[in-house]
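To start, the structure itself, in structure tokens.
Coordinate-derived values only; no laboratory data. Every value quoted in this text rests on a predicted model; they were computed, and no experiment measured them. So basically every Cβ, Gly included, is an ideal-geometry build from the backbone, and we count neighbours across all protein chains shown.
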Amino acid sequence: MKKIAIVGAGYVGLVTGACFAQKGNRVTIIDNNQEKINQLLEGTIPFYEPHLDTIVKDALAKKTINFASTIQEALSDNPAFIFSCVGTPSLANGAADLSYVENVAAEIGTHLQQHAIIVNKSTVPVGTAVKVHNIIASKLTERGVTISFDVASNPEFLKEGDAVNDFLMPDRVVVGVDSAHAAEALYDLYKPFLTTEKQFLVMTPPSAELTKYASNAMLATRISFMNQLAHLADKLGADIHQIKHGMAQDRRIGAHFLNAGIGYGGSCFPKDVAALVQMGMEQHYPMTLVKEVENINHVQRIWFSHRISTHYGPALATKTAGIWGLAFKPETDDIRSAPSIDVIKKLLEQGANVIVYDPVATENIKKIFGNHISYADNSQQVLQQADFLVLLTEWEEFTKAIPSQCLQLKDKVVFDGRNCFNPEDMQALGISYYCIGRNSNAPYDKPMSNQYVFTSHSDANIW
Ligand SMILES: NC(=O)c1ccc[n+]([C@@H]2O[C@H](COP(=O)([O-])OP(=O)(O)OC[C@H]3O[C@@H](n4cnc5c(N)ncnc54)[C@H](O)[C@@H]3O)[C@@H](O)[C@H]2O)c1
């Protein structure tokens with residue numbers, strides 16, 4: 001049993017804390033959002049993440065988990081590990097905003113009572129471990145006390161929607177450390193989650209910090225690659241779905257992250273890709289490939305909305321758009337940087353009415369659009385009330401829908417941003433079906449012009 005403090009009760013902090021508690025450690029999770037702490041004390045999870053409520057409730061019953069609203073309170077219990085899991089959103093220039101990480105470091109320095117390993121789990125640029133070390137050291141100096149401490153980087157690779165399984169059964173655990181003592185202590189802590197020692201990767205803090213960005217940028221690259229290829233496939237009469245299968249059988253390539261669609265969103269890929277670009281700029285080494293990945297993703301959303309306006313022209317102002325899917329991906333209620341936000345904004349700008357449905361993310365989208373749009377109780381209600389359908393999240397409920405249900409739409413038009421249906425089925429039903437890279441364009445779509453081929457955001461002036 002180890003004493004662990006976790007700062008930040010978000011998607012990463014709460015999953016991390018709950019999983020450590022499940023292994024018998026004594027965990028205190030701190031969040032400065034009192035409302036979140038109150039909910040957690042009652043056993044309510046403030047966001048949707050499958051299986052998380054079960055382990056949190058179990059840990060509460062066993063008294064292995066506790067919640068607090070100040071770091072001071074948690075440090076009075078002298079934890080051996082302090083995990084920092086606060087947000088690192090994008091600044092206007094794309095760099096990671098480190099203010100939350102730095103505030104946590106300052107509070108740790110102010111309240112640390114005895115040796116601890118401070119573990120940075122947030123996604124942070126290279127050099128942050130040193131920054132955190134210096135902030136804590138200067139606070140200790142201000143206090144006139146000498147307390148030894150370690151700072152380690154331990155980037156998190158869980159994916160929302162399957163976060164608990166990812167944490168309990170990780171592909172790998174990456175730790176960046178400066179001392180053998182910290183490496184050994186962290187190995188000991190993570191051992192119950194590992195099936196083999198080889199999954200535990202010890203490296204320097206800069207390498208650990210950069211590994212996280214490299215991993216997310218690689219996944220984003222695969223998505224943008226397939227999205228760009230999908231446009232070429234459409235022009236050449238090829239089918240991106242078939243191409244994907246042809247590529248995925250190659251074990252060097254594999255099947256993951258090869259789906260063409262409206263592009264990536266969420267709280268990680270967009271901000272981490274932007275931060276990696278910014279790190280390159282700061283080092284006077286432009287990350288041109290990664291920048292292009294970002295550009296392609298940006299254009300993909302604009303192009304998708306443009307497709308809807310091209311189909312309807314000014315008549316769009318008289319139509320009701322039905323949206324299936326608001327979350328940035330299935331099995332989460334997270335709408336941070338979700339394509340749905342941009343698509344809804346464009347539809348509203350053009351005067352369309354909008355009715356939406358998502359199995360779990362509706363409450364979050366209400367905070368943005370309020371009564372400017374309507375909210376359906378189920379997916380069928382959308383089909384009954386809308387002129388056309390826009391599919392933006394590949395929830396199983398939508399991918400398993402029977403194509404003929406779309407005949408309820410007044411105009412029998414579907415814009416599918418996730419390639420959920422078979423174009424031939426839709427065509428056979430007489431539905432105008434716009435998907436991505438599956439040669440669905442003719443006879444409905446207008447060919448894409450060269451105006452979409454550009455290399456910087458400022459050129460994206462297609463409205
Ligand atoms: N969400 C993911 O899927 C994921 C996956 C891997 C890595 N990450 C990274 O992990 C970090 C956290 O992400 P998240 O999605 O969990 O963020 P989040 O926004 O869901 O949670 C962060 C929490 O920290 C709290 N907080 C901020 N400052 C605090 C302070 N001084 N004291 C106490 N609490 C404080 C906030 O109130 C919030 O509840 C980010 O760097 C992110 O990039 C996220």
- Query: Magnitude of the Cβ-charge dipole of the chain, K/R +1 and D/E -1, about the Cα centre, nearest 20 debye?
  - Reply: 280
- Once the Cα atoms of helix 99-111 and of the chain are each reduced to a long axis, what angle between those two axes, in degrees from 0 to 90 to the nearest 10, is obtained? 20
- Message: At q = 0.10, 0.13 Å⁻¹, what log₁₀ I(q)/I(0) does region 3-203 have when each alpha carbon counts as one equal point scatterer in the Debye sum?
- Response: -0.38, -0.67
- Query: When the Karplus curve 6.51 cos²θ - 1.76 cosθ + 1.60 is applied with θ = phi - 60°, which whole-Hz ³J(HN,Hα) does each residue of region 55-65 get, with x for Gly and Pro?
  - Reply: 6, 5, 4, 4, 5, 4, 5, 7, 6, 8, 10
- Item | Sorted by Cβ density within 10 Å, fewest first, the residues Lys57, Lys62 | Lys62, Lys57
- Query: Fewest first, what order do Thr88, Thr44, Thr146 take by the number of other Cβ atoms within 10 Å?
  - Reply: Thr146, Thr44, Thr88
- If the chain between Asn422 and Arg252 were fully extended at 0.36 nm per residue, the gain over the current Cα-Cα distance would be 58.4 nm
- Message: Under a crude label model (7 Å from the Cα following the beta-carbon direction), how far is Ala238 from Asn78 in nanometres?
- Response: 6.5
- In degrees, nearest 10, range 0 to 90: what is the angle between the Cα axis of helix 180-190 and the longest Cα principal axis of the chain? 60
- Query: In debye, nearest 20: dipole of region 3-203 around its Cα centre with unit charges on the Cβ of K, R (+) and D, E (-)?
  - Reply: 340
- 0 to 90° range, to nearest 10: angle between helix 269-282 axis and the chain longest Cα axis: 70
- Item | Pairwise label distance in nanometres, Asp178 with Gln405, each label 7 Å out on the Cα-Cβ vector | 5.6
- Item | Principal semi-axes in Å for region 269-452 [√(5λ), Cα gyration tensor, largest first] | 29, 20, 16
- Query: Ranked highest first by average number of other Cβ atoms within 10 Å, how do 421-432, 119-130 line up?
  - Reply: 119-130, 421-432
- Message: Regarding the chain, what's the average projected area of the Cα-atom convex hull, expressed in nm²?
- Response: 23.0
- Query: Which links in Lys57/Lys367; Lys23/Lys367; Lys212/Lys346; Lys271/Lys412 stretch past 31 Å when you go from one Cα to the other?
  - Reply: Lys23/Lys367; Lys212/Lys346; Lys271/Lys412
- Item | Protection proxy ranking of 389-395, 358-364, 133-139 - average other beta-carbon atoms within 10 Å, highest first | 389-395, 358-364, 133-139
